[in-house]
Amino acid sequence: MKVSIIFSTYNSVNWLEKVIWGFANQDYKNFEVIIADDGSGPETSDKIAECKSQLDLEIHHVWHPDEGFQKSKILNRAIQKASSEYLIFTDGDCIPRYDFVRIHHSLAEQGYILSGGYFKLPMSTSERITKEDIFNGNAFDKQWLLDQGTPNTYKFLKLTSEGWLENALNRFTPAGAPWNGHNSSGWKSDLIKVNGFNEEMQYGGQDRELGERLFNLGIKSKQIRYSAVCIHLDHKRGYATEESIKKNLAIRKRTRDEKLTWTKHGIIKSDQPET
């Protein structure tokens, strides 16, 4: 089964390139990459063109003009662009391990979404990662990351667990299994049924709100935070405001309280889905 990888970017060329290298290193090859660009300047399109010419990857660049934080809107366009029936979502600051796509593909099941996590790196380590480090596995190796200044915490289990331990941690972790924008996947048909992302929402929880509508629809989730691995590059979050977070929390509360499965601010601008 061919799958579509969707991730957003905004004026972050160095991080974008590292993420693209990660997908060029996958051991499962039957996928397309759709870059949802929330209004970046020409440096981003130039870098994407360079990567397309140098790497054996099917890359599509979906762009709209910069009108502030409009990630939900460009992600909806990417969903429509996707040619595959199964969609994997991550972010333009998350480098996937070599088996990332294969894990999502192998665990895909009708009626479910997959919910992964990430291992967050400090800025000093993020900047040191090279193409070679991604392709030879250094970027996911505990000792190498420690040598580059990454603090030693229990969260390294996300990178080191395998076999029975990986399965046990997925099963017994106290963390929930929501829709995470940095590491989740699901069927395109299900995302269309809930009308995609709510474009009324700015930064702060728009991914979770989409997942909550999927759950209201009857979709269940599988926990794969110790199986599908990606490393999160550090960056500033200047687009996070108290106002946007407060507004989004109110939208999410209404979605949960009223058990909404549809947003009129999604792919289709309508109160009700077409029948």
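On the stretch given as region 1-46, residues that are over 19 Å from A139 (Cβ atoms) and in a loop (DSSP other than H, G, I, E, B) total 10. Based on what the data block shows, is A228 at pLDDT 95 or above and either outside any helix (DSSP H, G or I) or within 21 Å of P122 (Cβ to Cβ) (or both)? Yes: the conditions hold for A228. The number of residues in region 39-58 that are on the phi > 0 side of the Ramachandran plot and either β-branched (V, I, T) or in contact with a Cys (Cβ under 9 Å, 6 or more places away or on another chain) (or both) comes to 0. Only one entry of I88, I79, I113 meets the criterion of being farther than 23 Å from E17 by Cβ, under 15 Å from the mean Cα position of the chain (by Cα) and not in a helix (DSSP H, G or I), and that entry is I113. For region 47-66, filtering for residues that are under 20 Å from D207 (Cβ atoms) and in a loop (DSSP other than H, G, I, E, B) leaves 1. The set of residues in region 231-248 that are modelled with pLDDT under 90 and not in a loop (DSSP other than H, G, I, E, B) comprises E242, E243, S244, I245, K246, K247, N248. All of (1) among the β-branched types (V, I, T); (2) assigned to a helix (DSSP H, G or I); (3) over 24 Å from G186 (Cβ atoms) hold for V101 with one exception: (3).
The residue that is farthest from D93 (Cα to Cα), counting only those in region 118-171 that are in contact (Cβ under 8 Å) with a residue 12 or more places away in the chain and small (G, A, S), is S161.
The values are calculated or read from the model by the stated rules, or taken from the named source; none is laboratory data. Just so you know, these numbers come straight off a predicted model, no measurement behind them. Using ideal geometry, Cβ is built from the backbone for each residue, glycine included, and neighbour counts are taken over all protein chains shown.
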